[in-house]
Amino acid sequence: MTAGASSWSVVYSDTGRAALATATPDERAAVIKFEAQLADAPHHLGELYPDRVGGLYTALLTVSGRPAWTSVLYRIDDARREVLVVALVSGP
């Protein structure tokens, strides 16, 4: 659940883990690739999503070489240097 030698850790909420477990193999590969990118530079990916709590980011992934309706919702905790993958959202 963490990537490489980065100082950022990437962890999954229960919802995020459940979504990863039910993702297609192509979606799962895209999410794992994105996880490595998050661990390297979490503030340079995705877009800030306007939620009530604040600090939620969303990123639309490329799956099998094409843009897909697969998004990762995540929060960045600067104090803990941790990225929490809150959910994966897949569409048709």
### Task
Report those strands (runs of 3 or more DSSP E) wholly inside region 12-89 carrying at least 3 residues which are open to solvent by 60 Å² or more (accessible area, probe 1.4 Å), at pLDDT below 90 and touching a helix residue (DSSP H, G or I) at 6+ places or on another chain (Cβ under 7 Å).
none
## Note on the structure
Given the conditions (1) touching a strand residue (DSSP E or B) at 6+ places or on another chain (Cβ under 6 Å); (2) on the phi < 0 side of the Ramachandran plot; (3) free of Cβ contacts under 8 Å to residues at least 60 places away in the same chain, every one holds for Thr22 apart from (1)
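The values are calculated or read from the model by the stated rules, or taken from the named source; none is laboratory data. Everything numeric in this text was worked out from a predicted model, so none of it was measured. Every residue, glycine among them, receives a Cβ derived from its backbone with ideal geometry; neighbour counts consider all protein chains shown. Calculation scope for accessible area: heavy atoms of the full protein, side chains included, ligands and nucleic acids excluded. Shrake-Rupley method; radii C 1.70, N 1.55, O 1.52, S 1.80 Å.
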